[in-house]
Ligand code: KE4
C-alpha cells in the first residue's frame, strides 16, 4: 500500500506559496482527479517520491529525458561544467559546440539562437517571421501548443477558423486578433484562410506531429501541402519541434518526413533535462536577429555552460548508431501489448504512436486526425486509468491530451512491468 503523507505535506506547503502548489499547471494533476506526488529522485526509467514509493516514469519530464533520469555520462558532464562556472553572460565555447551540433543534425537549420525554454523559442521565431515578412498575422492549428506566449493563447475553435478569441484572461484581444486558429490536417481550411488573408500572414506555425492534443499524425500529404503553399505565398513555415526534435530522428520530424521548414523551434531534449530552447533556420532569415539584424531577442542565461554540457552530451549519445531503432522497437512493443490487453478487457481505445512517443485515446475507436476528434475522448476513464496505474507503480502524463515517452532506460523487463501494471489496471476498470 502506497503512503503519500509527505507528498501531501509538501503539496499543502506548496499551495501556500506557489499558485496551485505547482510551477506548471498540468503537474497539479487536476484533470485526472489526483493530488500530485512530490518526487525525491530519479534514476533510469524510475522516479521515487518523498514517501519512498517508486514509479516507472513515462512522462520523462515531458520529453527531455530521452536517455532516462541521471544518465551517468550526462551527470558527469554537468558536474564537470559546474566546477568551472555556471553562467557568465559572456560567450563560451560550449554554446558554439551545441549550436554546431544542432546545425549539423537538423537538416533545415543553417543558424540557430539558443534560449531557455520552448516558449522563448516559439515566441522569438514568430517575432522573427513577422519582422522578416513585415506581416502581422499568424496561423496555428487547434490543439497544437506552442508555449504560453500571448499570441498562441487563443481559444481552440469549434468553427473552421477561430479569429483571435483570447484563450486566457490577460491576453488582450488586440494581440490575438492576429492569430488565426484552424483545424489540423485540414488543407481546405488552410487554403481558405490564405486565399482570404494570406498577404497579411507572416507564418504558419505547426507541431509537425502534434503531441499536445495527444499524439496525432499528419495526413501523408499535409506537411508537403503546408510546405508548398507557404513557399508559393512567401509565408514562413515554422516547425515547432520542441517535442519532435531529436525524438523522431536525430533531425527530428523534418528528417523523418523529409520536409524542410524555414524556421524550427527546439527545446526539451536539447537541454538533456536542463533549461534550453532554440530557434533556427535559413541564415537569410536568422541574420535578421539582433545584434546583426533589427529583430530583438535576448536572454541572460541563454547558452549557459551547465545546460550546454547536458545538451552536448545528450546529442552525442543520441548520435550513436542504433539508438532510434531501439527506441522505436520498444515503443512498438509497448503499444502492441497495450492494444492486445485493451481488446482482451473490452476497453475501447485508439492508440496513436510514432517513434518513441504515443497516446492511448480512451473511448475512441477510429483514427484521430485533429483536436475536435481528440476532444471526444473519455477523459474520465483516462483519470481512472492514471490513478490505477499510479497505484500500480507507473507514472503517466496527468492528462489524456499528452504523450507517453519511452526512453533509452526503459529496457524490455521494465516494459513488461508496465504491461503487467496495465493488465491489472484494465482488469479493475473494465
Ligand atoms: P516550454 O516553454 O514549456 O519549455 O515549451 C513550450 C512548448 C512549446 N512547443 C511544444 C510543442 C510543447 O510541447 C511545449 C511544452 N510542452 C508541455 C507538455 N506537452 C510542457 C509541460 C508543461 O507545460 O508543464
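Please treat every number below as a calculation from the coordinates, not as lab data. Keep in mind it's a predicted model, so treat the numbers as computed, not measured. Glycine gets a Cβ as well: all are built from the backbone with ideal geometry, and neighbour counts include every protein chain shown.
Dividing the summed helix terms, -39500 (n - 2.57) for each DSSP H run of n ≥ 4, by the number of residues in the chain produces a 222 nm estimate of -11500 deg cm²/dmol to the nearest 500.
Once you have the Kirkwood Rh of segment 78-220 from its Cα pairs, apply Stokes-Einstein at 10 °C and 1.306 mPa s and quote D in µm²/s. Here the translational diffusion coefficient equals 93 µm²/s. Sorting 427, 16 from the fewest to the most surrounding beta carbons within 10 angstrom yields 16, 427. Each of 292, 240, 262, 332 was scored by other Cβ atoms within 10 Å of its Cβ. Arranged with the fewest first, they read 292, 332, 262, 240. If you model segment 25-105 as an ellipsoid using its alpha carbon gyration tensor, with each semi-axis the square root of five times an eigenvalue, the axes come out at 31, 16, 14 Å, biggest first.
A simple spin-label model places pseudo-atoms 7 Å from Cα toward Cβ; at residue 199 and residue 287 they are separated by 2.9 nm.
Using a simple spin-label model with pseudo-atoms 7 Å out from Cα toward Cβ, residue 221 and residue 43 lie 5.4 nm apart.
Using the Cβ-Cβ distance between residue 298 and residue 343 with R0 set to 51 Å, the FRET efficiency works out to roughly 0.45. With all pairs of separate Cα atoms included, segment 1-50 yields a Kirkwood hydrodynamic radius of 11.6 Å. Taken over segment 298-430, the alpha-carbon convex hull comes to 153 cubic angstrom per residue. Computed across segment 244-337, the Kirkwood radius stands at 15.2 Å (inverse of mean 1/r, all Cα pairs).
Across every pair of different alpha-carbon atoms, what Kirkwood hydrodynamic radius in Å does segment 342-383 reach? One decimal place: 10.8 Å for the Kirkwood radius.
Considering every Cα-Cα pair within the chain, what fraction, in whole percent, is farther apart than 33 Å? That tail contains 33 percent of the Cα-Cα pairs.
Ordering 410, 148 from the fewest to the most neighbouring beta carbons within 10 Å gives 148, 410. In angstrom, the C-alpha Rg and Dmax of segment 59-149 are 16.7, 47. A full extension of the chain between residue 96 and residue 381 corresponds to an added length of 97.9 nm, given 0.36 nm per residue minus the alpha carbon distance. Over segment 285-361, with a single point scatterer placed on each C-alpha, what log10 of the ratio I(q)/I(0) does the Debye formula yield at q = 0.12, 0.27 1/Å? Treating every Cα as an identical point scatterer, log10 I(q)/I(0) equals -0.66, -1.14. Restricting the calculation to Cα atoms, segment 72-318 yields a radius of gyration followed by a Dmax of 17.7, 57 Å.
With a Förster radius of 51 Å applied to the beta-carbon distance between residue 188 and residue 12, the computed FRET efficiency rounds to 0.50.
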